[in-house]
Amino acid sequence: MSEDDGTAASSGSRDAEYLNKLIAAAARREHEAFEQVFRHLSDPVHRLALTIVGDVAQAEEIAQEVLTEIWRTAGRFDPGKSNAMAWALMIARRRAIDRVRSAAADARREQRTAEFAVPWDQVSEAVEDGLDRETLRRSLDGLNDPQRRAITLVFVDGHTVAEAALILDIPPGTVKSRIRAALINLRRGMRADL
């Protein structure tokens, strides 16, 4: 190893020790220390998040979340286990991976919902055209309350799924699920009455 390599290694070691001390000071809620921590960590945390999520806005959100977490949890940092940079990047990596997994799960959920989507207009027309109102009323009485409320809001009162979700204070996907289950139960009930 050349003398320059030794100087660079000791400089990196001094930087790591300095950052470790800054984290300890931030744990004592010394704002100036945290400003230094922010200056040292924001770029590396942002770059790592950007590498993982591939979106500038999301990487900025993740970096902000990570730095907030560092401020909140600085007292848990153990310089005996890791240096501050590695600790911060581990938090950033975990957050970014969670974000990617969450987005993938959301996309899979949306795809499954789309695959099972009921053509609402066709179902509505079939129900109105093919069956008498008394059979429909008996079948509606056979639904549980959440299903009956969802299907009534959309098909009887004419609300959109989004409006029904607001009225019921539940996510739109839950309204769709309740309507889907209600339609299945209505079909069964109406077939039994025929």
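Figure legend. Inter-residue proximity from segment 164-176: first residues within 18 Å of R109 (Cα to Cα) and outside the structural domain of Q147 (by TED's automatic domain parsing), second residues in a loop (DSSP other than H, G, I, E, B) and modelled with pLDDT of 90 or more, beta-carbon distance below 6 Å, spacing 6+ or different chains. No pairs are indicated. Kindly indicate which of A24, A49 is outside the structural domain of S177 (by TED's automatic domain parsing) and modelled with pLDDT of 90 or more. Of the residues listed, the single one that is outside the structural domain of S177 (by TED's automatic domain parsing) and modelled with pLDDT of 90 or more is A49.
Under the condition of being of a type in the set (S, T, Y) and surrounded by 15 or more Cβ atoms within 10 Å (Cβ to Cβ), which residue from segment 42-101 is farthest from A16 (Cα to Cα)?
S42
Exactly one residue among A103, A114, A107, A162 is at pLDDT below 70, of a type outside the set (V, I, T), within 29 Å of D55 (Cβ to Cβ) and in a helix (DSSP H, G or I), and that residue is A114.
With respect to the conditions (1) modelled with pLDDT of 85 or more; (2) part of a helix (DSSP H, G or I), D78 lacks only one, and its number is (2).
All conditions in (1) in contact with a Ser or Thr (Cβ under 9 Å, 6 or more places away or on another chain); (2) at pLDDT below 85 hold for E125, with the sole exception of (1).
The values are calculated or read from the model by the stated rules, or taken from the named source; none is laboratory data. On a predicted model such as this, the values are computed, not experimentally measured, just so you know. Cβ: placed from backbone, ideal geometry, glycine included. Neighbour counts: every protein chain shown.
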